[in-house]
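Following: one structure in structure tokens, then a few remarks.
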Amino acid sequence: MQKEVFGAVAGRAVTRYTFGNDALRASVLDFGATLQSLVVDGVDVVLGFPRGEDYNVNPGYICANVGRTANRIARSEFVLNGTVYHLTKNEGENHLHGGTGGFHRVFYRVEELTDGVRMSAVSPDGEDGYPGTLAHSVTYRVTGRTLHIEFSARSDRDTVWAPTSHIYFNMDGEVGNAVSNRLTIYADAYTPVDAELIPLGTVLPVAGTAFDFTAPRPVSRTPGEEYDINFVLRGQHAATLEGAHTGLKLEMYTDMPCIQLYSGAADLNVAGKTRQYHAHEGVALEPQFAPNAVNVPAFKKPYLPANTTAEHFIRLEF
């Protein structure tokens, strides 16, 4: 385990923890429990920033540890046990990735493990509008050529909890074009959305649409083809992503029911690790519950009953 100071946020030092082996090395920050680097056979396959303070801004949620709820909640409200909860609005009238605070902007308590780190924090009752004091953690472990990301949470009141790791991948490294990566998503259906990217509440087959990634193909086939859409997974094998030039291949697994594909269309115009980031620098693959699931009867709900421990995982095999 290697530890080093990696900048500061609000006068507090950010620490970077690096662990793994010659084939796979991960670096994680105690600020936001953020995956800062993931080096596979000498190639860093995730986007990131050169200083800890950059993650306090992070306009694209680059490699953010997201909570309490990933993705969007329509009108920033939901009903639980007959009570309407009003959440912070941070994308127009809607609530995105945990709100104005979010798990990616707090310091975590760190426990060093033999093969990684466990990072823990507490979200107080009412933070960003959510009910319950939520004790939560994310654990990163490297075994062989696999990165394990394990989430855990427990609340003293009934609440909702739907974490994700908002990793931007480029299996070719920081070369400025991730949409040439070849992608397979193991899903036969997707959830169509409105102009605000809120699901309409229906589930449609991908067959015959631009959302059909059941066979490997480049993320974008034509100029201007962009994606920010949720897929309903068949099972735990979520996706395969392969570099067009390096041949490096990622196999992603999760126990969550869906995955979001974002093709990185926005021009971030921020300084990354080795280059200025613009559009299409990375492909975000975010295991999740469906966006706005708390308000859609047909979608699986991310409810967390009081005094019950819930767990989810993402597994990245290279």
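The values are calculated or read from the model by the stated rules, or taken from the named source; none is laboratory data. Bear in mind the structure is a predicted one, so any value in this text is a computation, not a measurement. Heads up, the Cβs are rebuilt from the backbone with ideal geometry, glycines too, and the neighbour counts pull from every protein chain shown. Accessible surface areas use protein heavy atoms only, side chains included; no ligands, DNA or RNA. Shrake-Rupley method; radii C 1.70, N 1.55, O 1.52, S 1.80 Å.
Summary table below
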| quantity | calculated |
| --- | --- |
| Size of electric dipole in segment 1-41: Cβ of Lys, Arg +1 and of Asp, Glu -1, about Cα centre, debye, nearest 20 | 180 |
| Three-way shape label, segment 168-217, alpha-carbon gyration tensor, a/c 1.5 | oblate |
| Cα→Cβ-extended label distance, 7 Å offset, between Glu93 and Lys273, nm | 4.1 |
| Kirkwood hydrodynamic radius (C-alpha pairs) into Stokes-Einstein, segment 228-314, 25 °C and 0.890 mPa s, D in µm²/s | 160 |
| Heavy-atom accessible area ranking, 1.4 Å probe, most first, across Lys273, Lys89 | Lys89, Lys273 |
| Net dipole in debye of the chain [+1 Lys, Arg Cβ; -1 Asp, Glu Cβ; about Cα centre; nearest 20] | 320 |
| Arg157 accessible area, assembled protein chains, probe 1.4 Å, Å² | 90 |
| Net lengthening on full extension, Thr146/Glu53 (0.36 nm per residue, minus Cα-Cα) | 30.7 nm |
| Cα centroid of segment 18-49 to Cα centroid of segment 88-115, whole Å | 19 |
| From phi via Karplus (6.51, -1.76, 1.60), per-residue ³J(HN,Hα) for segment 287-296 in Hz, x at Gly/Pro | x, 6, 7, 4, x, 6, 4, 5, 10, 10 |
| Shape call, segment 1-74: gyration tensor on alpha carbons, a/c limit 1.5 | oblate |
| Shape of segment 161-318, Cα gyration tensor, a/c cut at 1.5 | prolate |
| Amide N proximity, segment 110-136 versus Asp255 label position 7 Å along Cα-to-Cβ, cut-off under 20 Å | 116-121, 134-136 |
| Equivalent-ellipsoid semi-axes of segment 135-222, from the Cα gyration tensor, Å, largest first | 28, 23, 13 |
| Lys/Arg +1, Asp/Glu -1 at C-beta; the chain dipole; positive extreme among Asn170, Gly101, Ala26 | Ala26 |
| Options (1) 62, 44, 40; (2) 53, 50, 34; (3) 57, 47, 30 - which one matches Cα extents along the principal axes in Å as calculated here | (2) |
| Cα centroid separation - segment 140-179 against segment 231-293, whole Å | 10 |
| Cβ-derived FRET efficiency at R0 35 Å, Ala13 paired with His237, nearest 0.05 | 0.35 |
| Gained length - Thr308 relative to Val79, 0.36 nm times residue gap less alpha-carbon distance | 80.5 nm |
| Cα-Cα P(r), segment 89-181, percent of pairs per 10 Å interval | 14, 36, 31, 17, 2 |
